[in-house]
Structure formats: C-alpha cells, structure tokens
Amino acid sequence: MPDPDAKRLLWFLFAGSRGGENRIKIIDLLKDRPYNMNQLAEAMNLDYKAIQHHIGVLEKNNMVAKSGEKYGVLYFISNYLDVNINAFNEVKSAIEKKRR
C-alpha cells in the first residue's frame, strides 16, 4: 500500500537538496536492473565518491536496497520505492517541467 507521506520525502530527496538530479538518474538506472557502485559511476560518468554519497543518501531514506558483500554489492530500488513508484514518477515529471 503506497505511503501517503512518500511525496514529501521524494520532494525533499530529489528537489529540496543538492544532488537531486543525480539521485533521480540513479533511481532510473536501478529501475531497469541492479548495478554496483562502479557500474553506476561509469554509466553516469561521475566520480565513485559522488556515487557513494548519493547511494548513502538513498539507502538512508529507504529508496535503495543492497544485496551482497564488499565489492559484490548490488543496488536495487527498495520495496518501499517500488510501492511508491507512481509518486516518484509524479515528482520526477514536476521537476523536469520546472527545468524547461
């Protein structure tokens, strides 16, 4: 069941703080398939440390989940985000409209 407070959290993570655009791109990549941090850094052409920071923020806020250990850790969208994906898509669309 979707969380009625999800939109508030999504607005904060993706529009209300620096790095939101990169976090949206990370989520979009993870919706298609799991990635490790190196793969994300390569796919997004960003520094590994930047990816590490964004993944930490997303993980802390229950947007991504991980599986595996050490260098084999893969990241997925969390069950929480999966249930609230429509709210994510709405927030993402609103942010994209503002940029135009």
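None of the figures in this text is laboratory data; all of them are computed from the coordinates on show. The structure displayed is predicted, hence computed values, not measured ones. Reconstructed Cβ throughout: ideal geometry from the backbone, glycine too, with neighbour counts over all protein chains shown.
Please list the helices of the chain that count as membrane-span-like by this rule: a mean Kyte-Doolittle hydropathy of at least 0.0 together with Cα atoms stretching 30 Å or more along the helix axis, each helix being a complete DSSP H run.
Correct list, ordered by number: empty.
May I ask which of LYS70/LYS92; LYS7/LYS31; LYS25/LYS66; LYS31/LYS66; LYS25/LYS97 have a Cα-Cα span longer than 21 Å here? All intermediate terms of the calculation are to be shown ahead of the outcome.
Values: LYS70/LYS92 31 Å; LYS7/LYS31 18 Å; LYS25/LYS66 17 Å; LYS31/LYS66 13 Å; LYS25/LYS97 16 Å.
The answer is LYS70/LYS92.
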Practice item. Work through the residues other than GLU59 whose Cβ is under 14 Å from its Cβ and net out their charges, Lys, Arg +1 and Asp, Glu -1. Key: +3
Revision key, fill the gap. For Cα Rg over 2.2 N^0.38 Å the list reads (1) 0.96; (2) 2.18; (3) 1.03; the calculated value is entry (3)
Review point. With the contact rule set at Cα under 8 Å and sequence spacing of 6 or more, what percent relative contact order holds for the chain?
Key: 32
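For ASP28 and LYS49 in the same chain, what is the full-extension length gain: residue separation times 0.36 nm, less their Cα-Cα distance, in nm? Write out the running numbers ahead of the final one.
Values: separation 21, 0.36 × 21 = 7.56 nm, distance 1.93 nm.
In short, 5.6 nm is gained.
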Check your understanding: If the convex hull of the alpha-carbon atoms of the range 51-99 is projected onto planes in all directions, what is the mean projected area in square nanometres?
Key -> 4.1
